[in-house]
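Q: After the structure tokens below, expect a handful of questions from me.
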Amino acid sequence: MTSFLRPLAYRYRWIYDTVTAISSLSVGGVERLRNLGLEALQSRIEPGGPVLDLCCGSGEAAAPWLAAGFSVTGLDISPLALALAARRHPSLKRVEGLAEEPPLPDQSFLAVQMSVALHEFPRHERELVLRQSLRLLKPGGWLVLVDLHPAGPWLRLPQQLFCALFETDTATSMLEDDLPAQLQRLGFTAVNQELLAGQALQRITAARPTTDAPLP
Ligand SMILES: C[S@@+](CC[C@H](N)C(=O)[O-])C[C@H]1O[C@@H](n2cnc3c(N)ncnc32)[C@H](O)[C@@H]1O
């Protein structure tokens with residue numbers, strides 16, 4: 001179930017951008033929000049290496065990686081979002097496709113980023129997307145997830161309001177799940193979770209093991 005505001009926010013870009021600007025205040029503003037993936041992984045990834053921004057939307061969270069000199073591919077299901085990404089960030093390589101079935105070869109990337117997108121998927125598909133991220137990473141490569149987390153007492157009410165107005169049931173179901181444990185189960189290693197923005201956001205980093213053991 002979702003409110004009438006969600007389709008409007010996806011249709012009219014200024015609504016989406018305004019909502020993002022307001023909801024990112026608790027983490028230090030929209031620029032910081034967009035930078036969280038790069039900030040976590042920059043020192044672990046070979047400079048200029050291949051990076052995938054899964055569910056890239058208009059490419060705003062890919063932009064810091066591009067500015068830092070990485071070779072960034074953005075995948076999204078929405079041709080509209082990809083067209084906007086082409087205008088805003090022309091150096092982003094764009095792929096239209098499903099995150100559950102990315103049309104990309106195994107072990108293509110040193111890093112895979114998902115910025116505020118995993119909560120869009122129902123539980124079963126979320127697992128598929130995480131499995132695909134593992135498949136796409138080179139051994140020793142890193143995944144970074146930035147997404148919602150159950151807020152602490154100060155932001156609990158605003159988060160509930162935000163989810164009711166702009167999110168679907170998939171977001172509330174993700175809030176019930178233990179993502180670090182799920183990543184470990186799927187075969188990721190070195191899983192680390194940080195809570196940000198009064199616990200309303202989580203940033204998780206996890207690696208693909210360097211061994212050649214078959215993926216679970
Ligand atoms: C909340 S937006 C986040 C966009 C971007 N990562 C950011 O940080 O601004 C979620 C994005 O996921 C995309 N998306 C939703 N379901 C998808 C799917 N099954 N495969 C690929 N992209 C999908 C939407 O089109 C949308 O652009």
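Just so it is clear, none of the values below were taken in a lab; they were calculated from the coordinates. All of these numbers come straight from a predicted model, not from anything done at the bench. Methodologically, a virtual Cβ is constructed for each residue, glycine included, from the backbone with ideal geometry; neighbour enumeration extends over all protein chains shown.
Q: Round to the nearest 0.05 the FRET efficiency obtained for Leu98 and Val30 when R0 = 45 Å and r is the Cβ-Cβ distance.
A: The formula returns an efficiency of 0.95 here.
Q: Only Lys, Arg, Asp and Glu count, each charged at its Cβ (+1, +1, -1, -1), so figure out the dipole size of the stretch 5-207 about its Cα centre, rounded to 20 debye.
A: 380 debye
Q: Peptides 168-175, 99-106: what's the order by average Cβ count within 10 Å, highest mean first?
A: Descending packing order for the listed peptides: 168-175, 99-106.
Q: Same structure, new question: Given the options Ser91, Ser43, Ser58, state which has the largest fluctuation in a GNM of the chain using a 10 Å cut-off (strictly under) for Cα springs.
A: Most flexible of the set in this elastic network: Ser43.
Q: I've got another one for you. Determine the relative contact order of the stretch 104-216: mean sequence separation of Cα pairs under 8 Å and six or more apart, normalised by residue count, in whole percent.
A: 33 percent
Q: Where does each of Glu60, Glu125 land when they are ranked from fewest to most other beta-carbon atoms within 10 angstrom?
A: Glu125, Glu60
Q: Could you go through the stretch 58-74 in sequence order and give the Karplus-derived ³J(HN,Hα) for each residue, using 6.51 cos²θ - 1.76 cosθ + 1.60 with θ = phi - 60°, rounded to whole Hz, and x for Gly and Pro?
A: 7, x, 5, 8, 7, 4, x, 5, 4, 5, 8, x, 7, 9, 10, 10, x
Q: Express the relative contact order of the stretch 5-207 as a whole percentage, based on alpha carbon pairs under 8 Å and six or more residues apart in sequence.
A: Contact order relative to length: 19 percent.
Q: Now for a different question. At 0.36 nm per residue, minus the direct Cα-Cα distance, what do Ser91 and Thr168 gain on full extension? Give it in nm, one decimal, please.
A: Gain on extension, Ser91 to Thr168, equals 24.5 nm.
Q: Going 7 Å from the Cα of Ala83 in the Cα-to-Cβ direction, what parts of the stretch 32-63 have a backbone nitrogen less than 18 Å from that spot?
A: From the stretch 32-63, the list is 56-60.
Q: While we're on this one: Return the distance in nm (one decimal) between the two label points of a simple spin-label model at Glu125 and Trp14, each offset 7 Å from Cα along Cα→Cβ.
A: 3.0 nm
Q: A further question follows. Using a Förster radius of 25 Å, what is the FRET efficiency between Gln160 and Lys138 based on their Cβ-Cβ separation? Nearest 0.05, please.
A: The calculated FRET efficiency here is 0.05.
Q: Compute a Gaussian network model of the chain, connecting alpha carbons closer than 10 Å, and tell me which residue from Phe162, Phe70, Phe188 fluctuates the most.
A: Phe162
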